[in-house]
Amino acid sequence: MSDYKKPYMITIGGSGKTRSLSIGGDAPVSIQTMWKSSLIGADLQEISRALSGLEQLGCDIVRFAVPDMESADALVRLSAITPMPLVADIHFDHRLALRCLDGNVAKIRINPGNIGGIDRVKAVVEKASDRNAAIRIGVNSGSLPKDLADKAEVARASGEDPVLARASALAAAAAREVFVFDTLNFRNVVVSMKASSVLETVRCNEEFAGRFDIPLHIGVTEAGPLVSGVVKSTLAFSRLLSEGIGSTIRVSLSDSLENEVIAGREILAECGKRSGGVRIVSCPRCGRNGFDVHDFVARWQNELLSLNKDITVAVMGCVVNGPGEGKHADIGITGAGDSVLIFRHGETVRTVSVADGFEAADRAFREELGKI
Ligand code: SF4
């Protein structure tokens, strides 16, 4: 068995147009999201443009479901036109992985337990080696090998915490797959263990990381809609990242790709794992507001967070907490009676009448933003 306790870094991408990206070791923690619709019949140029937008928001890797050969063909074509490192998500049919590896796909995600035997895993490993692609070994609490699922059940029946018993089983299942790839001499791997509970996610990753320094992709699976998904992911990631566990993250949401990426970057920033970029501070709005903070943030959030600037933007509903509280901000906007003020470092630089509509305020804000 190889020494997996050394600082362990892999590099994905780098072929064709694909951007190269280091994962694990001292490399920055990467943000991943997963494309939310089918590739069949999709406009690949349009997807490529959307991937550029996600990259500007801070996304490093995008995974695509590849349930059939038509999707695999489309992913191969997409991998030729986008610099974004792409991951092919394969279940059951190893031929789909082989087809994806004809292109510049940077990583294949397989669950060796459902790919159908060692010969098929070996075929994927050999082609991934030839193509310098990585493999993400994914194990899920819903598809544990029977002996490990039985063992977890016995532990639960004998009084052990069922969550901890399942977490141990997940870590053991992942370790088992690592041994398989090791015997095949393939170490360009990332491991993910997916559970839908925060505690189970934390414990299985802690247990695995105690044994191996292999890069871990962390995520709470089926985490739910925006609010519950962000809460669960934040709880799990903040604990794991503070322990130095997690090389790539995905905030899994029943919501947009953009919000998955934004949530990921906010979590990394708050955990001290990513710095720079645009920070938006905005008030929650109350009855004093003379300016609709919610509408402004909804209109501007993605554009602001896509800017290549290291600035703080304050959005306040009224003068009670407007320029004063926003003093530290590089630029801000606030309601003030029948006016909207735009301020820089607490000093008002523009005044727009509310009667002129939000377009006038947006225009003035954009002009001032351009001066920073
Ligand atoms: S800034 Fe003004 S509008 Fe916003 S929450 Fe504070 S008091 Fe209310």
Could you tell me which residue of the stretch 9-63 is farthest from V278 (Cα to Cα), considering only residues that are among the basic types (K, R) and assigned to a loop (DSSP other than H, G, I, E, B)?
K17
Counted residues, the stretch 292-320 - those being within 22 Å of A360 (Cα to Cα), part of a loop (DSSP other than H, G, I, E, B) and within 8 Å of the ligand (Cβ to nearest atom):
3
Could you please tell me which pairs satisfy a Cβ distance under 6 Å, a separation of 6+ or placement on different chains, a first residue in the stretch 312-337 that is open to solvent by less than 50 Å² (accessible area, probe 1.4 Å), and a second residue that is among the polar types (S, T, N, Q) and near the ligand (Cβ under 9 Å from one of its atoms)?
V315/S282; M316/T334; G317/N289; C318/N289; G322/T334; G335/N289
Number of positions in the stretch 355-372 that are out of contact with any helix residue (DSSP H, G or I) (no Cβ under 8 Å at 6 or more places or on another chain), among the hydrophobic types (A, V, I, L, M, F, W, C) and over 19 Å from A329 (Cα atoms):
2
Which residues, taken from the stretch 203-229, are within 30 Å of Y4 (Cα to Cα) and open to solvent by 10 Å² or more (accessible area, probe 1.4 Å)?
R203, E206, E207, A209, G210, R211, F212, D213, T221, E222
Specify the residue that is farthest from the ligand (Cβ to nearest atom); the eligible residues are those in the stretch 321-338 that are of a type in the set (A, V, I, L, M, F, W, C) and outside any loop (DSSP other than H, G, I, E, B).
I331
Meets criteria (buried (at least 16 other Cβ atoms within 10 Å of the Cβ), modelled with pLDDT of 90 or more and either of a type outside the set (F, W, Y) or touching an Asp or Glu at 6+ places or on another chain (Cβ under 8 Å) (or both)) for D182
no
Matching residues in the stretch 277-291 (open to solvent by 80 Å² or more (accessible area, probe 1.4 Å) and either among the small types (G, A, S) or within 13 Å of the ligand (Cβ to nearest atom) (or both)) number 4
State which residue pairs qualify: first residue under 11 Å from M69 (Cβ atoms) and inside the stretch 88-109, second residue among the acidic types (D, E) and assigned to a loop (DSSP other than H, G, I, E, B) in any location, beta carbons under 9 Å apart, and separation of 6 or more residues or different chains.
D93/D68; L96/D68
Selection from the stretch 355-369 of residues open to solvent by less than 70 Å² (accessible area, probe 1.4 Å) and among the aliphatic types (A, V, I, L, M) yields A360, A361, A364, L369
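The values are calculated or read from the model by the stated rules, or taken from the named source; none is laboratory data. Quantities reported herein were computed from a predicted structural model and do not represent experimental measurements. Positions of Cβ are generated from backbone atoms using ideal geometry, with glycine treated the same way; all protein chains shown enter the neighbour counts. Protein only, heavy atoms only, side chains kept; ligands, DNA and RNA dropped before computing areas. Shrake-Rupley method; radii C 1.70, N 1.55, O 1.52, S 1.80 Å.
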